[in-house]
Amino acid sequence: MRRPSLLLASGALTLAAAACAPANDASTTASSTENSTAGTSAGASTGADACAKESLKLTTPGKLTIGTDKPAYEPWFKNDDPSSGQGFESAVAYAVAGQMGFTRDEVAWTVVPFDSSFAPGPKQFDFDVNQVSITPERAKAVDFSQGYYTVKQGVVALESGRYASATSLADLKDAKIGVQAATTALQAVRSVIQPAKDPSVFNQQVDVITALKNKQIDAIVVDLPTAFYVTAAQVKGSKIVGQFAATGGEPEEFGLLFQKGSSLVSCVDKALGELRSSGELAKIEGDWLTAAAGAPELK
Amino acid sequence: MTDGHAAAPEWVKSERQLRREAELRARGRRSISAATASTLVVVVTLIVVITTSPGWPRVQETFLSPEAFVEALPDVLRGFLLNIKIFLIAEPLILVLGLVVALVRGLRSPVFFPLRALAVLYTDVFRGIPTILLVYLVGFGVPALQLQGAPGDPVTLGIIALVLSYGAYVAEVFRAGIESVHPSQRAAARSLALTHGQTMRYVVLPQAVRRVVPPLLNDFTSLQKDTALVAVLGPLEALRQAQIHAAMSFNYTPYLVAALLFIALTVPMARFTDHLAARARRREGGGDA
């Protein structure tokens with residue numbers, strides 16, 4: 001007696017759900033048609049002055065919206081404030097914006113956690129600058145600008161620890177190495193150092209550093225500018241053991257991240273190219289990133 | 001319903017009873033076909049709506065990529081074994097801790113006031129702290145003390161945090177079970193000259209534990225999922241392995257792999273809980289008619 005009526009009730013319930021479904025559908029269709037028209041019109045206007053400020057398809061009209069994660073670490077940003085123009089990536093972002101014709105007031109920053117920067121669907125930023133390394137797999141999901149910085153990985157250990165005196169990658173084989181999740185440092189550790197123990201992978205940079213201070217790990221691997229910042233400001237009594245190239249072949253480069261199919265990529269690439277040929281990019285690098293020359297090369 | 005113990009050999013169902021049963025069967029069939037039809041309509045509508053939506057190819061590519069699935073599966077599975085290990089170690093410890101705390105709370109003698117107060121404080125504090133916070137606090141706080149002999153291994157620390165957190169929940173579940181045993185049971189036991197301890201051991205606890213098995217299993221289903229929180233301390237468990245693959249490829253399919261593995265573990269547990277609950281109902285209420 002009870003079962004059939006229950007089934008009937010659930011049937012009615014699912015019917016009700018079905019009645020609701022088209023409403024959702026309508027709203028999604030509406031928003032995505034908007035997108036596709038945006039895409040086509042952008043595609044149509046790839047003329048000579050397609051990169052003029054007025055003709056750009058921006059997330060917020062009239063403003064260049066740039067995303068980055070929070071907290072924003074030094075030396076890439078200063079005092080967790082991307083809008084200061086201080087720190088390497090902040091400076092690069094403003095230089096690119098300036099080259100494209102935006103004044104400082106016309107640049108808006110938005111917080112984009114790394115994990116959501118590559119989420120499918122409409123993005124809340126025009127481009128994201130967050131030390132994202134360009135790889136072919138990633139380029140299937142998002143678009144990248146040209147590289148604006150060539151990265152090497154740095155190894156940091158406590159001066160009192162066993163691995164402070166390592167002189168080669170082989171010396172690091174038995175070390176317990178910590179990295180931040182979702183970074184290319186992890187791949188670098190796995191493919192280049194190939195440690196005997198699984199590396200420890202933490203959510204945030206601050207967790208990696210805490211683990212090093214607590215001696216839960218022997219060494220950390222981060223990109224070299226961050227390594228300099230870690231030893232100089234974040235962990236007392238730590239030193240850079242050395243640096244190594246993350247990959248055998250192609251150099252690893254940071255790129256600005258765009259929504260797949262963004263019409264802005266070519267314009268930003270053009271701006272970056274101009275900054276590079278004028279020597280501006282090199283100057284910004286010199287201003288904010290310590291020369292890598294001090295760190296011994298690990299082989 | 002019909003085949004009870006009153007089966008005298010010459011008894012036959014009356015005409016009316018047969019009609020009644022036929023009617024009930026027909027009604028049941030109608031309900032089932034209505035439910036089936038409506039379910040089919042819903043499923044088909046959903047599939048059509050989702051797959052014809054403009055973003056579908058993108059969703060398919062980023063969430064349902066077979067290559068990404070195959071690529072991530074071995075690592076995520078390897079990580080998942082760590083989740084199971086954490087769960088299997090934590091579960092008995094939680095049971096013991098929860099039971100001890102619940103028993104301490106039940107002590108009546110005034111001498112035990114400090115212990116009772118401690119038990120109350122423990123449940124209040126650790127049930128109040130979000131589990132992930134506790135994992136952070138224990139995982140990074142304990143090694144920072146640099147004490148001799150304090151564990152530094154992230155998995156051990158993670159297990160400690162989970163045990164502390166879930167121990168508080170389970171203590172409350174046990175306490176509820178103990179308090180649900182009717183006072184007359186206790187009074188009867190005491191009147192038989194059993195001590196407080198014996199009363200608990202032989203009369204109250206067996207009944208209490210049997211009553212709280214379903215909520216306990218519910219907590220353990222929760223624990224199975226929360227083993228993923230240990231990821232923040234560095235070990236490569238399923239969620240972290242999935243995240244690593246997702247970050248490498250900018251594809252979300254690895255998360256789906258991890259989700260499926262967790263479901264594969266929790267669904268049997270949930271069915272088992274249902275089964276136990278149904279059995280308890282049958283035993284206590286004498287059938288569900």
Pick from the range B:130-143 the residues that are among the aliphatic types (A, V, I, L, M) and surrounded by 15 or more Cβ atoms within 10 Å (Cβ to Cβ): which of them is farthest from B:S222 (Cα to Cα)?
-> B:V142
Could you tell me which numbered condition A:A164 fails, if it satisfies all but one of (1) touching a residue at least 40 places away in the same chain (Cβ under 8 Å); (2) closer than 28 Å to B:A150 by Cα; (3) within 14 Å of chain B (Cβ to nearest Cβ); (4) outside any loop (DSSP other than H, G, I, E, B)?
-> (3)
Among the residues of the range A:204-217, is there at least one that is more than 7 Å from chain B (Cβ to nearest Cβ), in contact with a Lys or Arg (Cβ under 7 Å, 6 or more places away or on another chain), modelled with pLDDT of 90 or more and surrounded by 23 or more Cβ atoms within 10 Å (Cβ to Cβ)?
-> yes
Residues that are more than 9 Å from chain B (Cβ to nearest Cβ) and in contact with a Ser or Thr (Cβ under 9 Å, 6 or more places away or on another chain), drawn from the range A:186-201 = A:A188, A:S191, A:V192
Within the range B:240-277, how many residues turn out to be free of Cβ contacts under 8 Å to residues at least 60 places away in the same chain, under 24 Å from B:R58 (Cβ atoms) and polar (S, T, N, Q)?
-> 1
Here are some residues: B:T227, B:T221, B:T273, B:T195. Which one is touching a Pro at 6+ places or on another chain (Cβ under 9 Å) and not charged (D, E, K, R)?
-> B:T273
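Take the residues of the range A:105-125 that are aromatic (F, W, Y) and out of contact with any Pro (no Cβ under 9 Å at 6 or more places or on another chain): which is farthest from A:D81 (Cα to Cα)? Please lay out each step first, then the result.
Just the residues of the range A:105-125 that are aromatic (F, W, Y), to begin with: A:109, A:114, A:118, A:125.
Restricting the remaining residues to those that are out of contact with any Pro (no Cβ under 9 Å at 6 or more places or on another chain) gives A:114, A:118, A:125.
On the way: A:F114: 17, A:F118: 22, A:F125: 17 Å.
Residue satisfying both the conditions and the ranking: A:F118.
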Identify, by number, the condition in (1) under 13 Å from A:V92 (Cβ atoms); (2) among the hydrophobic types (A, V, I, L, M, F, W, C); (3) surrounded by 20 or more Cβ atoms within 10 Å (Cβ to Cβ) that A:A282 doesn't meet.
-> (3)
Is it the case that the range A:206-225 has a residue that's within 19 Å of the chain's Cα centre (by Cα) and either of a type in the set (G, A, S) or over 28 Å from A:L158 (Cα atoms) (or both)?
-> no
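Quick check on the range B:278-289. Is at least one of its residues charged (D, E, K, R), assigned to a helix (DSSP H, G or I) and touching a residue at least 12 places away in the same chain (Cβ under 8 Å)?
Initially, the range B:278-289 is screened for residues charged (D, E, K, R), giving B:279, B:281-284, B:288.
From what is left, the residues that are assigned to a helix (DSSP H, G or I) are B:279, B:281-284.
Checking which are touching a residue at least 12 places away in the same chain (Cβ under 8 Å) leaves us with none.
No: zero hits.
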Collect the residues in the range A:60-81 that are farther than 21 Å from A:A232 by Cα and crowded, with 18+ Cβ neighbours inside 10 Å, keeping them in residue-number order.
-> A:L64, A:T65, A:I66, A:G67, A:T68, A:D69
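Please pick out the residue among B:R210, B:R201, B:R186 that is in contact (Cβ under 8 Å) with a residue 24 or more places away in the chain, part of a helix (DSSP H, G or I) and not hydrophobic (A, V, I, L, M, F, W, C). Spell out how you get there, then give the answer.
Values: B:R201 fails: in contact (Cβ under 8 Å) with a residue 24 or more places away in the chain; B:R186 fails: in contact (Cβ under 8 Å) with a residue 24 or more places away in the chain.
So the residue among B:R210, B:R201, B:R186 that is in contact (Cβ under 8 Å) with a residue 24 or more places away in the chain, part of a helix (DSSP H, G or I) and not hydrophobic (A, V, I, L, M, F, W, C) is B:R210.
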Any residue in the range B:188-204 that is within 14 Å of another protein chain (Cβ to nearest Cβ) and either within 30 Å of A:Q204 (Cβ to Cβ) or within 26 Å of the chain's Cα centre (by Cα) (or both)?
-> no
Does the range A:222-233 contain at least one residue that is within 14 Å of chain B (Cβ to nearest Cβ) and hydrophobic (A, V, I, L, M, F, W, C)?
-> no
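One line per residue, one yes/no per condition, for (1) modelled with pLDDT under 90; (2) among the aliphatic types (A, V, I, L, M); (3) closer than 26 Å to A:K140 by Cα:
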residue: B:T39; (1), (2), (3): no, no, no
residue: B:P54; (1), (2), (3): yes, no, yes
residue: B:P57; (1), (2), (3): yes, no, yes
residue: B:E61; (1), (2), (3): yes, no, yes
residue: B:E67; (1), (2), (3): yes, no, yes
residue: B:V76; (1), (2), (3): no, yes, yes
residue: B:F80; (1), (2), (3): no, no, no
residue: B:I86; (1), (2), (3): no, yes, no
residue: B:L93; (1), (2), (3): no, yes, no
What is the number of the single condition among (1) within 11 Å of chain B (Cβ to nearest Cβ); (2) more than 20 Å from the chain's Cα centre (by Cα) that A:A157 does not meet?
-> (1)
Which of the following residues is in contact (Cβ under 8 Å) with a residue 24 or more places away in the chain, in a strand (DSSP E or B) and touching a helix residue (DSSP H, G or I) at 6+ places or on another chain (Cβ under 7 Å): A:A182, A:A157, A:A175?
-> A:A157
In the set B:V49, B:V70, the lone residue that is touching a helix residue (DSSP H, G or I) at 6+ places or on another chain (Cβ under 7 Å) and within 29 Å of B:V257 (Cα to Cα) is B:V49
Out of (1) in contact with a Gly (Cβ under 8 Å, 6 or more places away or on another chain); (2) surrounded by fewer than 16 Cβ atoms within 10 Å (Cβ to Cβ), the odd one out for B:G197 is which?
-> (1)
Any hit, the range B:126-144, residues being part of a helix (DSSP H, G or I), of a type in the set (S, T, N, Q) and free of Cβ contacts under 8 Å to residues at least 24 places away in the same chain = no
Inside the range A:106-129, can you point out the residues that are more than 14 Å from chain B (Cβ to nearest Cβ) and either modelled with pLDDT under 90 or at positive phi (or both)?
-> A:Q124
Filter the range B:218-239 down to residues that are in contact (Cβ under 8 Å) with a residue 60 or more places away in the chain and within 14 Å of chain A (Cβ to nearest Cβ), then give me how many there are.
-> 11
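The values are calculated or read from the model by the stated rules, or taken from the named source; none is laboratory data. Predicted model, so just to flag it, every value in this text is computed and none were measured. Counting neighbours? That spans all protein chains shown, and the Cβs are built from the backbone with ideal geometry, glycine included.
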